[in-house]
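Input: a single structure, listed below in structure tokens.
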Amino acid sequence: MTPLRVGLLGCGFMGRTHAQVYRLLPEVELVGAWDDDPERLEAACAEFGCRPEAGLGADPVSAEGIDVVDVCLPTALHARATIAAARAGKHVVCEKPIARTLEEADAMIAACETKGVRLLIGHCIRYWAEYAELRRIVQSGELGALTSLNLTRYGGFPHWSSRDWLSDEAQAGGAVMDMHIHDTDFALDLLGEPDETVSFGTVDRRGVSQVFTTMRFGRCTVHAEGGWNLPAGTPFAMTFRAVFEQGAAIFEGGSLTVYADGEEPRRPAFARMAGAGGGNIDDLGGYALELADFVDALRTGREVTVVTPQSARRSLATVLEETRQVKARL
């Protein structure tokens, strides 16, 4: 079978993370890459055995022999790159969030639908093993109904971004859009549309630097906190605490423990896939599962149901509302 040929747009931290995954996936070949930093591009091409692809950066139409364009650029560039790739007939993987604005998101979705190409937005937490296990527990009802869920995601400011683009609110949208969106997205995917959403937080020159959001889903309350306003060197952390009628599931310190009334606590074991380090992750698992799912969908012709473009748009709409509320209350 002919390998699925991928062209990578952006060779920073996230681009290199995706490249590591493509190297592990069978019947996938990373054939070309583009980055506006020549030294970073050269280093990535040498590491992953692909060619520098000038056409990817200017016009994907000229990028011959590429089936999928993987967009790992600053958020404000997602729409332009995705629309250009779609018009060239390429399938698209685009890192989260889908775009900087809802208008851009709508244009991306429309361009892909018009050309009949697939679009995957990289909401990797939906594939992350511990979060997927929480979803399974909720859906199975084995611990009764979910009554409350606390989600946290925090750390020092991510200065590792290329040319420090994350510090520019116009490009990144602040911590609420770049970091906290993971937990907003997961809550919406898990529980549907909230009956109410209330947000408070702090703002600095980079935008919303910390957010405290409470959502009500019927009788279940979700509280999500996220931010990057801690002192430099503060380690990144992501946790959740889910309380059920008959138990709890707590993820902290990189380990998930499930408590059920009348039973010994259990700690599910998950396979780990080591990454190159840096940024805020050391596990390729969620990224590998999302990209493998997309590749399989392209091979078999089925739809990707874990993350759809419309659900990614919904998450963007919600974090934009969270941002609006935080700023309005200052």
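Quick look at the values:
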item	result
Long-range HN-HN contacts of Gln210 with modeled amide H, under 5 Å	Thr202
Per residue convex hull volume, Cα atoms of the range 56-153, in Å³	139 Å³
Local net charge near Thr197, Cβ-Cβ under 9 Å (Lys/Arg +1, Asp/Glu -1)	-3
22 Å tail of the calculated P(r), the range 163-254, as % of Cα pairs	34 percent
Per principal axis, descending, Cα span of the range 64-114 in whole Å	31, 22, 12
Point-to-point label distance, Arg302-Glu264, nm (Cα→Cβ direction, 7 Å offset)	3.6 nm
log10 of Debye I(q)/I(0), alpha-carbon scatterers only, for the range 4-122 at 0.12, 0.23 Å⁻¹	-0.36, -1.34
Among beta bridges that DSSP assigns inside the chain, antiparallel share in %, nearest 5	60 percent
Of every Cα-Cα pair in the range 121-162, the percent that sits beyond 16 Å	58 percent
Anisotropy class of the range 161-208 from Cα gyration tensor, a/c 1.5 cut	oblate
Relative contact order (%) - the chain, alpha-carbon pairs under 8 angstrom, separation at least six	18 percent
Calculated SAXS-style log₁₀ I(q)/I(0) at q = 0.20, 0.28 Å⁻¹ - the range 130-199, Debye, Cα scatterers	-0.92, -1.34
The chain pair-distance distribution - Cα-Cα, 20 Å bins, rounded %	32, 59, 10, 0
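Rule-based calculations on the coordinates, nothing more; no lab input. Keep in mind the model is a prediction, meaning the values are calculated, not measured. We place every Cβ from the backbone using ideal geometry, glycine too, and count neighbours over all the protein chains shown.
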